[in-house]
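> After the structure tokens below, expect a handful of questions from me.
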There are 2 protein chains.
Amino acid sequence: MGRSMDHGRAAWPAREPEIGDAMATDELLDEIRALIADREERGIRGLTDTIGPSDWAEIVQRLDDDEVAILLASVPEVEIPEILEELDPANAAAILRLRPREEAADLLEAIDPDDATDIMAELPSRDREQILQVMEPDEAAEIRLLSAYPPDTAGGRMTPAFVAISPDVRADDAIVLLRRVAEEAETIYYVYVIDEEERLLGVLSLHNLVLTRPNTPVHDVMVADPIRVTADTDQETAARLLVDKNLLALPVVDDQDHLLGIITQDDVADVIEEETTEDFERMGGSQPLDVPYRFASAGLLVRRRIGWLLFLFLAGLLTSHVLEHYSDRLDGAPALIPYIPLIIGIGGNVGSQTVTTLVRAIGVGEVRLSDVGWVLAKEMLVGLSVGLIMGLVGYLRVGVPEGFRIGLVVGATIASVALWSATVAAILPLVLERLGIDPAVVSAPLISTFVDATGLLIYMTIAGALLLQL
Amino acid sequence: MGRSMDHGRAAWPAREPEIGDAMATDELLDEIRALIADREERGIRGLTDTIGPSDWAEIVQRLDDDEVAILLASVPEVEIPEILEELDPANAAAILRLRPREEAADLLEAIDPDDATDIMAELPSRDREQILQVMEPDEAAEIRLLSAYPPDTAGGRMTPAFVAISPDVRADDAIVLLRRVAEEAETIYYVYVIDEEERLLGVLSLHNLVLTRPNTPVHDVMVADPIRVTADTDQETAARLLVDKNLLALPVVDDQDHLLGIITQDDVADVIEEETTEDFERMGGSQPLDVPYRFASAGLLVRRRIGWLLFLFLAGLLTSHVLEHYSDRLDGAPALIPYIPLIIGIGGNVGSQTVTTLVRAIGVGEVRLSDVGWVLAKEMLVGLSVGLIMGLVGYLRVGVPEGFRIGLVVGATIASVALWSATVAAILPLVLERLGIDPAVVSAPLISTFVDATGLLIYMTIAGALLLQL
């Protein structure tokens, strides 16, 4: 989201970081709430002067819709674009829909084009088209360009507000130019060098420019052939590249290497947070919400969760088939029945530990398919070790009240189930990675359900072998 | 970790981002492996010339210890510090221990002090002390200073390589100064202004300096009283502040406001990744590993996992008590037995979905204790909805073969268990947050285990009520 120290009327606020804001506190929020409740317009305006733009996200997020509407009515008009930038795009769109078209267009023109595009994407297509028609043609064109790329790609994340110069410009002239465009550019820490057809030739850092002799042509000091991504690159790939290469901005090009925009450092945390949240949700056994939890309606939560739940339910019916199949054996040794939940619980716990650790290691690029050998060996050793420890505890704990034949069955089953569960949980994510499926879909619930039925088979098999033979 | 374009002998390599590296590819790795296998020193040296420092992490991480040793023997000595910076500190320490003390000291002097401190922390204290004694006194003092702070605090993350000037310096002189120290500073995008006792007065961005009239005293253009953190601030808090305020660097001060060091943007991704990995591991039901998965021995994995496993095991024994307590009821209606794993599985799945989504929302600051009302209402509604859907499916699926009395018991239990599980999973993380305990300890396995026993109670109670009354 855009942040700005600029309270003027630049087309886009300059992305100079804020370094003087006081922190938002709970007291501040309470005070704003009280002022809103009293409809104290002047008090609100006085307070908002002291609030940095980046605090708006925190404050507005914690107010309800009515409070936000009152707040916006009391805030000076020039600050509204900054506030909208900090909101979730769906929320910002809801606010814009309530305003006349021309006013909405003016507000969107004052917002960073990448943020404006995200907000537009949340509007119904008729509203969107009507607003685009009353916007300044240049800015409407930028939004149309950015809208052409899916939001989770580099093209969808980029901003066209970069600084580009031709290779024969001198270093001192470049600094003069920077001074002129500083208001509009997303970052002036990098200047891109392009040819007459706007193909990317090189990059200069402000650092380089400042340290270079004034009359040097930028061509002589630029870093040629810089790292770039194409517009259809996945946003997470682009963000990780920015981090790994320690860049402040990453150029985005089309297939013919024309410079389209840049992705900046401040997008990285957003992208990583978004992707990590998706992984969390998948690991917990639901489909990603794609919106902040706060804005997810109960209906959306149900739709995102019910699919996996029903699938796991049907898979879970296998457990009842196993138990029905072995009902004779259970009738013959009813002492085995009370330990059924315990045993399948242990399988689920070991599997959950293994799979979350591994899916995360795959997610951050630490483990790959080629590592399957040592990963499997390590996890099987761990599964066997924790299995033997718990199996011994189980043998003693169950053996004392029920007799050591039953104790041995339970203990041996615990050890076997732990080993089996660790093995499955170690292999499955890597197999999915191989098949091109996101390994995060191997959630803890999926492993648990899978191990439930197979764990019961192991239990019944061991019971059959040991109770008949001993 | 430090990255550098500077291949010279500066005390610390300048933190100018690399913008010209080619990407590391699997082919590159294969080629290096082949050269290492053939002990092809010249070939290795030729290749390493083309590898950017940040690629080392990826390459070295995927080689085994012997391969790394051969690689380092073939690489020009001046590049070794850069490679060590990119390695996991434990790995870098292992490499240093094999070298003579003086050589280890020289290498550490050439590494960013924050990275050097992390590496030193992995050495046995005797080795550490011996190396510090042969290091340059200045650099040894810096490492001793940084070592005084735990690694997960702002003090442990910071680097002392910042640029600071007094308030009466003119803007153009400040740029001249920057030019002189550019080689040694971690970032020159911010210049800090301090008084004669080194207390933090303000901050200037390079951006500001370049755009200011040359003879202005920096005091007139600096941002006074900038955002800062104390050295004992949690590293995650500091990283989120950098992101939220969109800063390139954050000053770290002591209790008397003396400027000690800075935390830079490139630390943020590391910190967030580290903390997110810990959350993942906790959610999966283990204690955080604190080292990359690749470097975690099977013994460490067992130690980190067995505690929770045994706790959950003992808690899981409650399920066997419940089943034993109701054994008469089960004897009277043995058709209920096969559905035990299915029912507790559903409770675990609903709980796991709810708790992962919520713990993540709390982790990113989206949900707080004060939200408990609407969170609980929403999750109970969702739990009831998915419970009714699955309950209906269960009623039909079980009713057809077993008769609709049993079907009704199973269906009603499923709906109740889903509602109960969603309720527990919604409340528990917020209660823990209230008690000052990291809500991420409410793992999916913990919720599952808790819901197992209570779910069985619900099952037996409903069975008692419906089978007696219908």
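Every number here is computed from the coordinates shown, using simple stated rules; none is lab data. As the structure is a prediction and not an experimental result, all values here were calculated from the model. Counting neighbours? That spans all protein chains shown, and the Cβs are built from the backbone with ideal geometry, glycine included.
> Run the simple label-point estimate for B:Glu198 and B:Asp38 please: 7 Å along Cα→C-beta, distance reported in nm.
Placing both labels 7 Å beyond Cα along the Cβ direction yields 5.4 nm.
> Now, a different point. How much net charge surrounds B:Leu408 when only other residues with a Cβ under 13 Å from its Cβ are counted (Lys, Arg +1; Asp, Glu -1)?
+1
> Further question: Using alpha-carbon pairs under 8 Å, 6+ residues apart, how would you state the relative contact order of the stretch B:223-276 in percent?
Values: 59 pairs, mean separation 18.7, N = 54.
Worked out over the stretch B:223-276, it gives 35 percent.
> A further question follows. If the only charges are +1 at each Lys and Arg Cβ and -1 at each Asp and Glu Cβ, what is the size of the charge dipole of the protein assembly as shown around the Cα centre, to the nearest 20 debye?
5060 debye
> Using only the Cα atoms of the protein assembly as shown, what do you get for the radius of gyration and for Dmax, in Å?
So, for the protein assembly as shown, Rg and Dmax equal 30.4, 96 Å respectively.
> Moving on. At A:Ala333, label 7 Å along Cα→Cβ: distances to the other copies, nm, ascending?
Nearest first, the other copies' label points are 2.8 nm away.
> Averaged across A:226-238, how many Cβ atoms of other chains sit within 10 Å of each residue's Cβ atom?
Per residue, the number of nearby Cβ atoms from other chains is 1 on average.
> I've got another one for you. Place the peptides B:423-429, B:246-252, A:124-130 in order of packing, highest mean first, counting for every residue the other Cβ atoms within 10 Å and averaging per peptide.
Working: B:423-429: 22.7, B:246-252: 25.9, A:124-130: 12.1.
Listed from highest to lowest mean packing, they are B:246-252, B:423-429, A:124-130.
> While we're looking at this one, here's another question. What share of the DSSP beta bridges in chain A is antiparallel, in percent to the nearest 5? All intermediate terms of the calculation are to be shown ahead of the outcome.
Numbers: 16 of 20 bridges.
Given both bridge residues lie in chain A, the antiparallel proportion sits at roughly 80 percent.
> Please tell me the relative contact order of chain B in percent, rounded to the nearest whole number, where contacts are Cα pairs under 8 Å and at least six residues apart.
So the answer I get is 11 percent.
> Across peptide A:248-255, how many C-beta atoms of other chains are within 10 Å of each residue C-beta, on average?
Details: counts 6, 2, 1, 1, 0, 0, 0, 0.
Mean shielding by partner chains, rounded to a whole number: 1.
> State, as an integer percentage, the relative contact order of the stretch B:164-273 based on alpha-carbon contacts under 8 Å between residues 6 or more apart.
For the stretch B:164-273, the relative contact order is 25 percent.
> Something else now. Work out the charge dipole of the stretch B:164-273 with +1 on the Cβ of Lys and Arg and -1 on the Cβ of Asp and Glu about the Cα centre, then indicate which of B:Leu247, B:Ala269, B:Leu211 is farthest towards its positive end.
Result: B:Leu211, furthest along the dipole toward the positive end.
> Counting only helical runs of four or more DSSP H residues, what would the 222 nm mean residue ellipticity of chain B come to if each run contributes -39,500 (n - 2.57) and the total is spread over all its residues?
-20000 deg cm²/dmol
> List every residue whose amide H lies under 5 Å from the amide H of A:Ile165, counting only residues 5 or more places away in sequence or on a different chain, with H placed 1.01 Å from N in the peptide plane.
A:Tyr192, A:Val193, A:Ile194
> Once the other residues with Cβ under 12 Å from the Cβ of A:Leu456 are scored (Lys, Arg +1; Asp, Glu -1), what is the net sum?
On the way: positive: A:Arg329; negative: A:Glu324, A:Asp452.
Combined, the nearby Lys, Arg, Asp and Glu give -1.
> Still on this structure: Ranking B:Ser416, B:Ser166 by Cβ neighbours within 10 Å, fewest first, what do you get?
Listed from fewest to most nearby Cβ atoms, that is B:Ser166, B:Ser416.
> May I pose another question? Enter the mean number of other protein chain beta carbons within 10 Å of the beta carbon of each residue in A:383-392, as an integer.
On the way: counts 4, 2, 7, 8, 1, 0, 5, 5, 0, 0.
That works out to 3 on average.
> Could you give the dipole magnitude of the stretch A:329-470 about its Cα centre, charging the beta-carbon of Lys and Arg +1 and that of Asp and Glu -1, in debye to the nearest 20?
Computed charge dipole of the stretch A:329-470: roughly 200 debye.
> If each residue's Cβ is checked for other Cβ atoms within 10 Å, how do A:Tyr339, A:Tyr293 rank with the fewest at the top?
A:Tyr293, A:Tyr339
> Something else now. How many nanometers, to one decimal and shortest first, lie between the label point of B:Thr461 and those of its other copies, if labels sit 7 Å from Cα toward Cβ?
3.9
> Next question. What three numbers, in Å, describe the spread of the alpha carbons of the stretch B:226-372 along their principal axes, ordered from the longest?
75, 41, 26
> What helices does chain A hold that run 20 Å or longer along their axis, going by alpha-carbon atoms, with a Kyte-Doolittle average of -0.5 or more, using DSSP H for the helix calls?
For chain A, where a helix must reach 20 Å along its axis and average at least -0.5, the hits are A:298-325, A:340-363, A:372-402, A:404-434, A:444-469.
> Now for a different question. Could you pull the copy-to-copy label distances for B:Pro76, with points set 7 Å along Cα to Cβ, in nm to one decimal and sorted shortest first?
Here B:Pro76 shows inter-copy label distances of 5.6 nm.
> Non-local amide H neighbours of B:Thr153 (under 5 Å, H modeled in plane, Pro and chain starts lacking H): which ones?
Under 5 Å from the amide H of B:Thr153: B:Gln235.
> Sticking with this structure for a sec: What does the charge count around A:Glu129 come to, taking other residues whose C-beta lies under 13 Å from its C-beta (Lys +1, Arg +1, Asp -1, Glu -1)?
With Lys, Arg at +1 and Asp, Glu at -1, the neighbours total +3.
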